[in-house]
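First up is the structure itself, then whatever we jot down about it.
Nothing in this text is a laboratory measurement; each read-out follows from the coordinates by a stated rule. Not measured: the values here are computed from a predicted model. Cβ sites come from the backbone with ideal geometry, for glycine too, and all protein chains shown count toward neighbours.
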Amino acid sequence: MKHNGLEYLDFERVNALLEGFNQSTGFVTAILDLDGNILSKSGWRRICTKFHRVNCETNRQCIESDTVLSQKMSEGEKYHFYTCLNGLVDVAVPIVIQGVHVANLFSGQFFFDTPDVEYFKAQATRFGFEPDAYLAALREVPVVSQEKVRTVMDFLLDMTQLISEMTLQRIEQSELNDALRLSEIALRESLERFRIAQDMSPDGFTILRPIRDTRGDVVDFTWVYENTAIARLNGTDPDLVVGKRLLDLFPSHRDTNIFQIYHQVAQSGKSQTLEMGFSGDSMVRPTWFRLVVVPMAGDIAILAQDLTERKVSEERLEYQHTHDFLTGLYNRGFLEKELERLDDPRFLPVSLIIADTNGLKLINDSFGHAEGDQVLRKAANLLQSHCRSEDIVARYGGDEFIVILPNTSRAETEALLDEIEAAARTEEIASIELSLSFGYETRIIMEDDFTAIFKLAEDMMYRNKLYASSSAKNKTIGLVINSLFAKSDRESEHSKRVSDLCEFIAGKLQMSTLEIQRMRIAGLMHDIGKIGTPESILNKPGRLSEKEWEEIRRHPETGFRILAASKEFIDISAAILEHHERWDGTGYPRGISGESISLQARIIAVADAYDAMTSARSYKPPMDIEEAVDELHLCAGTHFDPNIVRVFTGHFGEFANRE
């Protein structure tokens, strides 16, 4: 029978699942019917609840966007990303019950890329939103990678499957209840018809006849009937078990809850239902059942529904509710509940360790989030491998971990940290050293508040991070530039030549010794952002396609993020960001012009262009030096700072002789 699945959807339970999903991942969720009506939601962003869903026009755009997503789901996609008409990314997953698409599970309200603030300022003006409040809400919207979202979508697919299974179970339970009300009548009318129906059922069905002693008390049961499903689960032959005693077939039943339930139903004449894990004498595998035991004309009938798959799904979801999906450690929600449990004198002294992964953002920007995730997993494994089973190791934030050590003194905690730090020095991921900063504190008496203990440990961690993080970032930047040069000999040689040119031009501009040295370093590192560019593009012998050029044009921003993460290189990061800007404002990535472009970037632009023109490519021969100089003069005042071109070309002979 087909049902309207939404009538049977357990919203209380689903809301709890969605709330747990929101707390565990930070992703918002909602369930909408096919007409776009919101049935349930969790964790929605303020920009939607306070602005987009309040204003009539933007709310209409929300509904229109939701309708588009619903239509995509009706076309049979597993899930679909969509930028809503108000500018946020949404994704929908269909909820299918009994083969019918009844609703959609929505997530979203995030960005894949840094949002265009000017667009949203304009949107605030257009729809009458208070700009500061609207932009404050915008800043709360996270920017996430498509890789991370696809990982979460796999989890959401599991969740919709579980929601479908839970709803189907309720439908089946409703059908079962209806069937049970009619079963006694049906059995009286036609036992043969009932047996045929039961043999076709996926659920197990058994009829037992009570054996009573002289006082009328039930002591055993005779096997009257079993269908194919229960015979398969029991590993029995229906023709051989009929007429046999239950306790002869399954002696271990005597002391089980199951036998007690059978006994109570036979004695009282009242039905009972229970769910339990059961592994009988002949069971093929441990199985979760729902047993419905009803009196039936002096016998008892047992309907056994196999709940194993549902229970496994519930256990998996419960695990995901309490664990971080990336590292497998406990998550923040579980940790906070455990702190309540540990607020007891029995666990004193309790030590708390905070560990922070140094340079994670730099690693993500340089090598990609996959490498950053590997670093987090390695850190998690390191911490967990040095802790006891009773200790609690949790991922507390993006790059932060917390370890709770019950019945552990300060001295024991310090000894443990010495072991962990020694082990960390031997760990690396793709040549990236694992660098962690630690802070710790010990609660000795109940009057010591956990919040204060946490603050002391956190302060120590940040003090230690001041020293460790800078060193880790500098090592990572060195690794990045070496990795880039290893990927492409052409990039390596080009960067070294540009470095020499920058040093020469800076000298002729009478910059200070320190500034000249910075220019040399900036020239060497001007293309460091290409670490994220595939080798196939860097080393491509022919001309680049437009799509490949789009990839290349990202490198100034990537390079800026890498160098801005380190105090040692932050003073050249602006030059790296701006070295493809043009004097007339037609460059990228920001389109700034003239002296708004940093002097360092203007020097790199001339040096970079000169070397590119005079270097051979497989698709073009190098220009003569005179041609390159003429081209620089031609583009002075449009592409390049005229003064830098004049200084460079005016002293070019000196540079050529130096080479």
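Of note:
- Using Cβ point charges alone (K and R +1, D and E -1), the dipole size of the range 212-261 about the Cα centre works out to roughly 60 debye.
- Pairs from the list Lys540/Lys620; Lys78/Lys361; Lys148/Lys487; Lys361/Lys530; Lys378/Lys487; Lys487/Lys540 with a Cα-Cα gap above 23 Å: Lys78/Lys361; Lys148/Lys487; Lys378/Lys487.
- Span from the the range 626-659 Cα centroid across to the the range 65-142 one, whole angstrom: 51 Å
- Sparsely packed trypsin sites (Lys or Arg not before Pro) within the range 199-242, loop by DSSP, other Cβ within 10 Å at most 12: Arg215
- Dipole of the chain computed with +1 at Lys/Arg Cβ and -1 at Asp/Glu Cβ about the Cα centre; of Phe504, Leu138, Thr408, farthest Cα towards the positive end is Leu138.
- Two numbers describe the Cα atoms of the chain: Rg and Dmax, which are 34.6, 122 Å.
- Using every pair of distinct Cα positions in the range 520-591, the Kirkwood expression returns a hydrodynamic radius of 12.8 angstrom.
- When you count the other C-beta atoms within 10 angstrom of each residue and take the mean per peptide, 394-404, 139-149, 256-266, 337-347 line up highest first as 394-404, 256-266, 139-149, 337-347.
- Segments 167-178, 433-444 sorted - mean Cβ within 10 Å per residue, highest first: 433-444, 167-178
- Computed from label points 7 Å out along Cα-Cβ, the spacing between Val224 and Glu147 is 6.3 nm.
- For the range 323-468, the fraction of alpha-carbon pairs lying more than 19 Å apart is 50 percent, rounded to a whole number.
- Residues of the range 554-575 with amide N under 13 Å of the 7 Å Cα→Cβ point at Arg590: 557, 560-561, 573-575
- Expected 222 nm ellipticity per residue - DSSP helices of 4 or more, -39500 (n - 2.57), all of the chain, to 500: -16500 deg cm²/dmol
- Once both labels are positioned 7 Å from their Cα atoms along Cα-to-Cβ, the gap between Arg543 and Thr49 label points is 5.4 nm.
- The calculated FRET efficiency for the pair Leu182 and Glu19, based on their C-beta separation and a Förster distance of 30 Å, comes to about 0.15.
- Computed lengthening from Gln260 to Glu7, 0.36 nm per intervening residue step minus Cα-Cα distance: 87.5 nm
- Cα shape, the range 101-164, gyration tensor, a/c 1.5 rule: prolate
- Relative to its residue count, the range 246-379 spans a Cα convex hull of 204 Å³ per residue.
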